[in-house]
Amino acid sequence: MLDKLEAIKLRYDDIQNQLGDPGVTSDMDRFYKLNKEYKDLGPIMKAYESYRKLMSNIQYNRDILKNDSDAELRDMAKNDLWDLEEEQKKMEEEIKWLLVPKDPQDEKNAILEIRAGTGGDEASIFTGDLFRMYSRFLDLKGWKVEVISANENPAGGYKEIVCEVSGENVYGTLKYESGVHRVQRIPKTESCGRIHTSASTVAVLPEADEVDVKINPADLKIDTFRSSGAGGQNVNKVETGVRISHLPSGMVSESTQARTQGQNREIAMNLLRTRMYELELEKHHAEISAQRKSLVSTGDRSAKIRTYNYPQGRVTDHRINLTLYNLDMIMNGYIQEIIDSLMVAENAEKLKDGS
């Protein structure tokens, strides 16, 4: 363990020296990458210093037991050594978690898409409930949310809603939400009081930058239309909505929520880049899934991941067999406990696979 940490320490010191080099500080792109790596290694270096001191104390007490003839001092060293070795086991476990490789996508902002699945109007109502749940969770995190497009259902909720979420480590937190969310409850539209099962699909995509995806403008078809989104009467008179089609792939994105055509075009283009980037990411997930059969964050939107059972007041995440009986709190945005459990499960798989 100490050898591995000392190797990381050499890299940490090297980065620190580079950050003081005028040649590096003048290259903002290189400086940003080095500074980010330096910041990411900070917690590991803090753990390294504590672990190094701990191992020094362990060695000191072992030397006393081996070389000192004072019985009282040897007894003290023996008791201290037992405590220190227990602390060593605990600290090494914590360091293992720190050394789990991070997915470079985790720090990206994300596109959150929620769509009604099977269940008719009740599925749309549930889609609205999920959007409210996520909105409250994102508010608790202090993240910014912007709706890109929304297709409301006359009976309530949404047939589809797409939004952009920006903040710190957004994709790394929300990626566990991708998949089919199932609800079991008596619908407001059900007169006989029967429990109804319906579903909504959640997709979380890491937001792509221009450097991530290169798109040839000649491959695009751009249409404008009258938006029904924000903007009052103005949007009914002017074609502010923008739809962009990528002809080679057939992929389409649109935005209607901004007040101007230029803003909607920028939003739709960003969404298109993100969806094209997702295709490459799916290949990456497929390669990982081939190695880890039970990976919890593959982003597979066709997999049933969670059930919200209203009569029993419970929520069950099927990937890790986690059941909680605090449905009201969860629907009010308190989903961090579920996400934390999924993170632990995924990191455990990574440790087990040695990756």
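Taken together, the values in this text are just the output of simple stated rules run on the coordinates, not laboratory data. Note that this is a predicted model, so its numbers are computed, not measured. A quick note on method: Cβ atoms are made from the backbone with ideal geometry, for glycine too, and the neighbour counts reach across all protein chains shown.
Across region 1-60, C-alpha contacts under 8 Å between residues 6 or more apart give a mean separation that, scaled by the residue count, equals a relative contact order of 43 percent.
Reachable lysines from residue 221, Cα under 29 Å, same-chain residues fewer than 8 places away excluded? Candidates past the 8-residue exclusion: 108, 159, 237, 283. Name the residue from 59, 81, 120 whose Cα lies farthest towards the positive end of the charge dipole of region 1-136, charges +1 on Cβ of Lys and Arg and -1 on Cβ of Asp and Glu. In region 1-136, that residue is 120. This ranking places 185, 314 by how few other beta-carbon atoms lie within 10 Å of each, fewest first, which gives 314, 185.
Partners of residue 33 within straight-line reach, counting aspartates and glutamates whose Cα lies under 18 Å from its Cα and excluding those fewer than 8 residues away in the same chain: 13, 14, 21, 103, 106, 107, 168, 209, 210, 212.
For region 148-197, the list of GluC sites (Glu not before Pro) that fall in a loop by DSSP and count at most 15 other C-beta atoms within 10 angstrom reads 168, 190. For the pair residue 25 and residue 225, the difference between a 0.36 nm per residue extended length and the Cα-Cα distance amounts to 67.4 nm. Computed from the C-beta positions of residue 67 and residue 3 and an R0 of 30 Å, the FRET efficiency is 0.70 to the nearest 0.05. Ordering 173, 224, 307 from the fewest to the most neighbouring beta carbons within 10 Å gives 224, 307, 173.
In this simple spin-label model, placing a label point 7 Å from the Cα along the Cα-to-Cβ direction at both residue 96 and residue 252 gives a separation of 5.1 nm. Between residue 74 and residue 14, the contour length at 0.36 nm per residue exceeds the alpha carbon distance by 17.4 nm. For residue 90, the lysines whose Cα falls under 22 Å of its own Cα, not counting residues fewer than eight places away in the same chain, are 4, 9, 46, 53, 78, 102, 350, 352. Rounded to the nearest 500, the helix-only mean residue ellipticity at 222 nm of the chain stands at -16500 deg cm²/dmol, with each DSSP H run of n ≥ 4 adding -39,500 (n - 2.57). If you plug the beta carbon distance of residue 186 and residue 344 into 1/(1 + (r/R0)^6) with R0 = 30 Å, you get a FRET efficiency near 0.30.
Once you order the gyration tensor axes a ≥ b ≥ c over the Cα atoms, which shape class does the chain get: rounded for a/c under 1.5, otherwise prolate or oblate by comparing a/b with b/c?
Taking the square roots of the gyration eigenvalues as a ≥ b ≥ c, the chain is oblate.
Between the listed residues 5, 19, 44, the Cα displaced farthest toward the positive end of the dipole of region 1-119, a dipole computed from Cβ unit charges relative to the Cα centre, is found at 19. Under the criterion of Cα pairs below 8 Å and six or more residues apart, the relative contact order for the chain equals 15 percent. Using R0 = 56 Å, the C-beta based FRET efficiency linking residue 83 and residue 312 works out to 0.75. Rounded to the nearest 20, the Cβ-based charge dipole of the chain about its Cα centre (Lys and Arg +1, Asp and Glu -1) stands at 1320 debye. Taking a label point 7 Å from the Cα of residue 197 along the Cα→Cβ vector, which residues of region 106-128 have an amide N closer than 20 Å to it? Hits in region 106-128 for residue 197 at 20 Å: 115-127.
The ranking of 225, 31 from fewest to most other beta carbons within 10 Å of each one's beta carbon is 225, 31.
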